Each structure stands twice: as C-alpha cells, then as structure tokens.
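*Asks:* Pasting a structure here, questions to come.
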Amino acid sequence: MKKKFIITFILSLALFAGIFWVANKVLDIMELTSKVEFVGSDLGEGNNIEQRVENELLFLVLGLDSDDFSGATTEQNRTDTMILCKVNFDTGKIDILSIPRDSRVMVNGKLDKINHAHHFGGLKLAMKTTRDFLNLDIDYYVRVNFFSVKDIVDALGGVEVDVPVQVDVAEDNVHLKPGKQVLNGKQALQFARFRAGYKEGDVGRVKAQQILIKALVKELTKAKNIAKIPEILEVVKKTVNTNIPFSTIAKLSLKVSNLSEDKINTQIVPGESAYINNTSYFIPDRSKLNAIVKEMFSDYLLNKSGSSQVDTDKNKNNTNTKNNNNKNNNTNNRNNSNNNKNNNNKNNKNNKNNNR
C-alpha cells in the first residue's frame, strides 16, 4: 500500500523563495515567482482577509495525498498533513502547530476526521473546519503535494537531519540509522513519511516532519544557496498554490534575515488515539489544546474567551448530562412525593380505625 506524505512547512519554500533577496544578487525575483499561483480569495464566511499583526503571517499548510500538481489543486483530495504556521518577520519567531490528520472534530455538522474536510468541501470547508476547531481567524492557505520535499532537498544538495529512529523503507531502498546525517531528496521524503518505527505512530511521524522543517529552514538560510533560488522556484511553481499575495511575500522577504532555526517553536495538538465504531481517531485534549492556542496565537482568537469548538462540544455533552441528571432528580422527587403521600394516607386510616 502506497504510503502518503506531505512536508509540513513547504511554505518555507514558497514564502521564503525570495529569502536571499537581501543579498543584492542580480536575480529578477519578480519574474521568477510570477508563475507561482497566488490566488487571492477569502475563504471565510463573513470574514475579511486582513493582516492582524504588522509584518506577521498566519497561514494553514495543506498537504494533499496526491502525486502530482493536478492533485494539489483537486478539491476531492484528502489532506495528509495540516500545519498551522505563524511567522513574525520582525522578531524572526516561527510558531508551528501540527494537527494530526485523524483528529476527531466537527466537519460539516458531524464528528469526523479533520482530513476529510478538504475531500468533502475543498479549501472552503477545510479552512472553515480548522478555523472553527481552533477558534482562530485563519485567512491564508498553502496547498502542496509531497514531491516538493524530494525535489527541493535535491536542489539544495541535501539536508542534514538528526534521525531519531531506525528508518527502513525496502521498496525505495532507503535505510537510515539513528543520528546526524545528510539526506538526499528520496531519503528526506521517506524519513518524513515513515511512522512504523515510532511508538506514537502518526504523532511520531509528525515530530519527524518538524525535525525536517527546522533542518530545511537552516539550510535555506545559508548564503551558499543563493545561486539555487531559480531551481527551487521551479519546484515551487509546480507543486504549490496559495492565496498569500505576492506583494505581501515580496515585502516580508526583505526581513527574512531575522529568521533562524533556533527561533522555531513547534507544538502538536495534544490528545490520544482511540477506536470509535471500529474507526481509528485522534481525540484532542480540549483543555491543553486551548492553552496552546492562547499562548501561540492569541492575536488571532475569534472568541476572546479562548473557547474553541472542542469546548463547545464539551459544553454540549455537559449540558446533556446535566439535563439527564435533572430529569432523573425530578423523577426521584416525584416518586418520593408519591411515597410520602401514600404513607400519610395509610397512617391516617390507621389512626381513624384506632379512634373507633
């Protein structure tokens, strides 16, 4: 069975495609990037695209289970990876929240896996589902297919990664031992797709992808890679589409020198795996997730109380429980009242007989 993967931070390749513009090289970045599909559309219902914090971007990366670019723009594909990213170009800080693909959330009015949202309703439903789930004003997206990581790593001449576990993928003849090593494109792709060796399963794979993200950002910010911009852009334009305006990217790229690997903060939606009706799900930990969202994305909260969809679900369950308890209490009180009435009648009858 074909394994599926998409690198979680491809926007570090699309958004930062002009990353070395500040080096004053004679490259026409405007012309090189003009072929990348920047589709400026507002996917929120009653929500206007706006930049809430100056020189900062919040965007959702959607990696689709597709082998070609046509799949990256096909609405029926499921998202194999979903990552929320916030980049502040003044401070250089990058916040990344990975969302396990099996997360059980409200999708189109019923509980389902979050990766089904794109399949059922394309970008609009995927964005709305994520926005409701996290209670965040998310306007921008980037969609990519999994070949991006292979081609970009090869364009960079490899990337150094600290591999946490033994990785064996026989069908592609990829065998990696734990430890630091330079991976080529095929090895990097399989490293990020691999999950059989992790006790946490898909969560372990998500952590591996975050390791690769940091390694890619580190490699991309090296001065030696300036000359490789055209080759990287060729990959980007074939595998990425986004609604982030190029004018915004061009403006923010002037501040890319502030970014660095050690300023990346990575988190994963907390929770645990569970089987419900013979289906495997990831059940988010509601209270822990809300704390993470408040800490990482407070400027983008839709409900300033910080309550997310998961809180709403919990409150709904609590309300149902409370109603059931009240109903039971009313029934018990009614029964007790009837019993007391019967006992009083019986006592009155006995007293009447005794008086005779």
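*Asks:* When a footprinting reagent is the concern and you count Cβ atoms within 10 Å, what order do Ser103, Ser273 take, fewest first? Don't skip to the end; give the middle numbers.
*Replies:* On the way: Ser103 22, Ser273 14.
Listed from fewest to most nearby Cβ atoms, that is Ser273, Ser103.
*Asks:* Also, quick follow-up: Would you mind ranking Asp102, Asp172 by Cβ crowding within 10 Å, fewest neighbours first? List each step's numbers first, then the result.
*Replies:* On the way: Asp102 20, Asp172 12.
Final ranking by Cβ density, sparse to dense: Asp172, Asp102.
*Asks:* Identify the trypsin sites (Lys or Arg not before Pro) of region 144-231 meeting these criteria: DSSP loop state and at most 15 other C-beta atoms within 10 Å of the C-beta.
*Replies:* Working: sites: Lys150, Lys180, Lys186, Arg193, Arg195, Lys199, Arg205, Lys207, Lys214, Lys218, Lys222, Lys224, Lys228; in loops: Arg195, Lys199, Lys222.
In loop regions of region 144-231 (DSSP not H, G, I, E or B), the sparsely surrounded trypsin sites (Lys or Arg not before Pro) are Lys199, Lys222.
*Asks:* Using a Förster distance of 25 Å, how high is the FRET efficiency between Ser257 and Gln181, based on the Cβ-Cβ distance and rounded to 0.05?
*Replies:* Working: r = 28 Å, r/R0 = 1.12.
Calculated value: 0.35.
*Asks:* Please arrange Ile96, Ile211 by how many other C-beta atoms lie within 10 Å of their C-beta, fewest to most. Can you show the working numbers first?
*Replies:* Numbers: Ile96 23, Ile211 16.
Fewest-to-most ranking of Ile96, Ile211: Ile211, Ile96.
*Asks:* Farthest toward the dipole's positive end in region 114-219, which of Gly122, Val159, Asn184, given Cβ charges of +1 (Lys, Arg) and -1 (Asp, Glu) about the Cα centre?
*Replies:* It is Gly122.
*Asks:* Treat each spin label as a single point 7 Å out from the Cα along the C-beta direction, and report the Thr248 to Gln267 distance in nm.
*Replies:* 2.2 nm
*Asks:* Taking 18 Å as the cut-off for C-alpha to C-alpha distance, list the pairs among Lys124/Lys288; Lys180/Lys263; Lys222/Lys263; Lys180/Lys214 that go past it. Mind dumping the intermediate values first?
*Replies:* Numbers: Lys124/Lys288 27 Å; Lys180/Lys263 20 Å; Lys222/Lys263 16 Å; Lys180/Lys214 14 Å.
Correct reply: Lys124/Lys288; Lys180/Lys263.
Since every read-out is calculated from the coordinates, none of them should be taken as a lab result. None of the values given here were measured: they were computed from a predicted structure. Every residue, glycine among them, receives a Cβ derived from its backbone with ideal geometry; neighbour counts consider all protein chains shown.
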